[in-house]
Amino acid sequence: MSMKRRDFLKSSAGAAAVMLALPEVAAGASAGGKPIKSPVKESYQTSWYPFTGHPDADTCWSVSAGPDGRIYAAACAESIPGGVVKVVRYNEQTDGLDYLFSLDEMVNDPGDSGRATQCKIHYSFAPSMADGILYMATHLSGPPIDQPAYSPWLSWHDPKRCFRGSALLAFDTRKDKVLWWDTLLPKEGCRCLLHDEERHRLYALSYPRDHFFIYDTKRRTRRDVGRIGSINAQTLFLDRKHRVWTTDDYGHLVRYDPDKDRLERSPFVLPHNPEFQTGWHSVFYDVAAAPDRESFYAATWIAEPRLMRIWPNEGEWPRVEDLGPATQKRDPTLPKDTFVDHCGGLVFAGDGQLYYVASRWRDALYNPMPADGPDREGVVWRLNPATLQRQEVAVLRHPTQPAQYVSRGAVDHNGNLFFGDVGTKPVGIFKVHLPSSRRKKNAHLPIRMWG
Amino acid sequence: MSEKPKTKYDMNSPEAKALIDEIVHGTFMKEGTMAAFPTCFPGATIPIPADESHITALDVSDNGMIYGGTSGRAAHLFVGIFHGVTGVVFDRGTVEGANHCAAVGCGKSRFVACVNGPGGGRVLAGGFEGLPFDLIQEWGFGRSAFQELGKVNGEPIVHAVVDASKQTMVGATSGHLFTVDIEAGKIKVVDEMPGSGRLALGSQGGIFGQDGSAHLWRYDVASGKLERKAVALPEGVWGKAPLTWAKDRHSGLLYTADADGQLFSLDEARGFSGPLARTLLAPVGPMAVTHDGRVFGFCGAEMAKMFCYNPRTRAASNLGVAVSVLERRRYGYVFGDAVTGRDGQIIFGEDDDLGHLWLYFPRIQALS
């Protein structure tokens, strides 16, 4: 049986949806042994902003605060032949989205080229605070206009079909102008991007070859440091020693230390479910830095994602705390759909608390949600770094579809949260209005330097 | 760039599903099975560091063990054992001062390796590994030092092969031909000869290597005689890609390819064949011949695709990009060497970060 990737996700999700509710068994996920509290009384209202200005958009893989503290998002079109990504920005005056540009037009690689298209920006917004630039790099998967699908492995040697390469674009948020662009990764997509502003370096992971690249923004030159594995980690993060961290296929931390100019792997396996996971595929999905930059909170990219806290400045290899599963219990004999069992959107708000979105779904045995409600949903959690207690604060409500898969989260300069939705069209972004007592001006600072 | 297509693909067209399936799944391993094995004893040891594990040299001992060498930040020598109650790649050790392994060859009682480093090329020897007791029950491995046989002449070593008697290794540096008496450990520079590409052992015992852009030289180990421009290369594109070889152990026939992916065979008595077939991509990389005469190898840079040349049909088919879903889940993109295993499986050395040994089990052909 053959299906496209997104069709697979949809149909698998559908399979989960037909399960019937049975007598209750608590979905007893816990964080570091701390019990989950019932929903808070504070009001966390949500708003929904569909990508109506780009009807082809079928995913939103990037949501980030720009250097100006405003929210930028990628309206991606990866399923449609010839689809291209448009960059949008939340306009707080109009309470709507502004469509800044169609990226293919900025980099002279139009959607009807016959090649794989500039269809998305995948965790690859990275700010530059000194000059107000927002860097962004494109990813691949969108098929050529006259093909139903695209395989970078199949078309690697085909000059007619092969993706031209990840386009790196420097957008001046002060002048609303694209200053320059370059090819960041020939033939490959950029899975995730990080900016070390002091060192004038962008770091990227390529897809499909999973190579670690360094781009010098002064010289505009790239360097391929080497291959990590077969499964892209979905994020990179930077510590105060300018070391770049990610993961390999088997759930080991991978570190690039500029002083050594070498990719190193931790001998230790990151936390994972001991019953049915081995560490394989426990790659980072999303990582958020604590405001003091001493610790980092991560979620893994595998069904039953694991939450953890990492202390990169402690020891030869970091101390890693297992914060437990992010989602509910499930049948361990069923390879759960990774589109349904998901955690993303990790972001620290102005109140010093970590927020993230974890999915919840109806499971006949483990979580019999009401039959008259949605069969799956995205739950916004708040985690207290001091106590590690987490509380459910909101549920993301899409007008027509479940919204259990959130790619990224960001906090804007007014202190509100935004989350990117990946699901069925129309996709877009959510805004979660924090209670006034929890909002803070310039809450986006210190800014996240990776997508 | 060809003319731009004008119309958007109709995703509801009846052939869409089949085409998607072909694009997504038809890309990988169209026949046979690959198993990527890490450079370790899984569950008992860690692999060779990723940036020291580009596998660039392989050979097989008479008892079916795979000896190999890596390149990268440092060079390692290892042995792979896959028959009986084994299943291990054992890192025999790091070669100090070396960052490239050009060749490994198995003699009668030990193996030799040609490595390069800042100080040029040198040769080492190591004892054969004993067959472990039972790698499901209990085990014990020791790591003994390599014997340094010395430098050749300060030049980097390009490649080397063991002769038919398994007593002598014949190699080429960037400027000279040399021999190694494997048992005695003696290195001897034979003559001036710029090394280029890989060497091969012919069907009658001669050692061959590229001699300029249009010929092969031949070295006779017994007589110690080097014959320049001994064999003319067939019409093709030569000298633009390093020469690569595969040997049919049963017929003695050698296979090679020009820079355009045109395959040829060489019989030492009869000379070169005409063009046999052309691979999907060029250049042709490592290849080896299984027991029924089929040649399996990789072609194309950066993201190689596997090919099969079948001498019965005289056709080269594209088998796609290497992928392993057994032992390790991994894509394979770049390969450095290939040998034929005891049972006709092909073992490829992955010339990439975190390189694995890739065991390819060809499809069993139906009786016709």
task = For the stretch A:407-422, enumerate the residues that are touching a Ser or Thr at 6+ places or on another chain (Cβ under 8 Å) and in a loop (DSSP other than H, G, I, E, B).
result = A:V422
query = Looking only at the stretch B:352-367, which residues are more than 11 Å from chain A (Cβ to nearest Cβ) and of a type outside the set (F, W, Y)?
reply = B:L357, B:L359, B:P362, B:R363, B:I364, B:Q365, B:A366, B:L367
Conditions (1) assigned to a strand (DSSP E or B); (2) surrounded by fewer than 24 Cβ atoms within 10 Å (Cβ to Cβ); number of the one not met by B:D292 = (1)
request  = Kindly check whether there is at least one residue in the stretch B:60-83 that is charged (D, E, K, R), within 14 Å of chain A (Cβ to nearest Cβ), without any contact (Cβ under 8 Å) to a residue 24 or more places away in the chain and surrounded by fewer than 17 Cβ atoms within 10 Å (Cβ to Cβ).
outcome  = no
task = Using the structure shown, decide if A:D286 is under 19 Å from A:Q328 (Cα atoms), surrounded by 22 or more Cβ atoms within 10 Å (Cβ to Cβ) and of a type in the set (D, E).
result = yes
query = Quick check, is B:A282 in contact (Cβ under 8 Å) with a residue 24 or more places away in the chain, within 14 Å of chain A (Cβ to nearest Cβ) and assigned to a loop (DSSP other than H, G, I, E, B)?
reply = yes
query = Considering only residues of the stretch B:318-349 that are small (G, A, S) and farther than 22 Å from B:D292 by Cα, which is farthest from the other protein chains (Cβ to nearest Cβ)?
reply = B:G336
task = All but one of (1) within 14 Å of chain B (Cβ to nearest Cβ); (2) not in a loop (DSSP other than H, G, I, E, B) hold for A:Y135, so report the exception by its number.
result = (1)
inquiry  = If B:A103 meets every condition in (1) more than 20 Å from B:C40 (Cβ to Cβ); (2) among the small types (G, A, S); (3) outside any strand (DSSP E or B) apart from one, which number is that one?
reply    = (3)
message = What are the pairs with Cβ atoms under 9 angstrom where one residue, in the stretch B:300-311, is over 12 Å from B:P362 (Cα atoms) and within 12 Å of another protein chain (Cβ to nearest Cβ) and the other, located anywhere, is among the aromatic types (F, W, Y) and part of a strand (DSSP E or B)? Sequence gap at least six, or different chains.
response = B:M303/B:Y331; B:A304/B:F298; B:A304/B:F335; B:K305/B:F298
key: Failed item in (1) more than 14 Å from chain A (Cβ to nearest Cβ); (2) under 30 Å from B:Q137 (Cβ atoms); (3) out of contact with any Phe, Trp or Tyr (no Cβ under 6 Å at 6 or more places or on another chain); (4) among the hydroxyl-bearing types (S, T, Y), with B:S53 passing the rest   = (1)
message = Can you pull out every residue in the stretch B:196-248 that is among the charged types (D, E, K, R) and not in a loop (DSSP other than H, G, I, E, B)?
response = B:D211, B:R218, B:D220, B:K225, B:E227, B:R228, B:K229, B:K247
Residue selected from the stretch A:62-82 under the condition within 14 Å of chain B (Cβ to nearest Cβ) and not acidic (D, E), by the criterion nearest to A:G428 (Cα to Cα) = A:A77
remark   = All conditions in (1) in a loop (DSSP other than H, G, I, E, B); (2) within 14 Å of chain B (Cβ to nearest Cβ) are true of A:Y256 except (1)
task = Please verify whether the stretch A:147-166 includes one or more residues that are away from chain B (no Cβ under 14 Å), among the hydroxyl-bearing types (S, T, Y) and surrounded by fewer than 23 Cβ atoms within 10 Å (Cβ to Cβ).
result = no
key: Checklist (1) touching a Lys or Arg at 6+ places or on another chain (Cβ under 7 Å); (2) under 26 Å from A:E105 (Cα atoms); (3) within 13 Å of chain B (Cβ to nearest Cβ) applied to A:D248, failing item   = (2)
ask   = Restricting attention to the stretch A:197-211, does a residue exist that is under 22 Å from the mean Cα position of the chain (by Cα), closer than 21 Å to A:Y285 by Cβ, among the aromatic types (F, W, Y) and within 14 Å of chain B (Cβ to nearest Cβ)?
value = yes
note = B:L354 meets each of (1) part of a loop (DSSP other than H, G, I, E, B); (2) buried (at least 24 other Cβ atoms within 10 Å of the Cβ); (3) in contact with a strand residue (DSSP E or B) (Cβ under 6 Å, 6 or more places away or on another chain) with one exception, condition (3)
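Condition check ((1) at positive phi; (2) aliphatic (A, V, I, L, M); (3) at pLDDT 95 or above) across all residues:
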site: A:L346; (1), (2), (3): no, yes, yes
site: A:D372; (1), (2), (3): no, no, no
site: A:R376; (1), (2), (3): no, no, yes
site: A:P385; (1), (2), (3): no, no, yes
site: A:R390; (1), (2), (3): no, no, yes
key: Subset of the stretch B:20-49 [within 23 Å of the chain's Cα centre (by Cα), within 16 Å of B:L357 (Cα to Cα) and at the interface with chain A (Cβ under 9 Å from one of its Cβ atoms)]   = B:P49
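The values are calculated or read from the model by the stated rules, or taken from the named source; none is laboratory data. What you are looking at is a predicted structure, and each value in this text was computed from that prediction instead of being measured. FYI the Cβ positions are ideal-geometry reconstructions off the backbone, even for glycines, and counts take in every protein chain you see.
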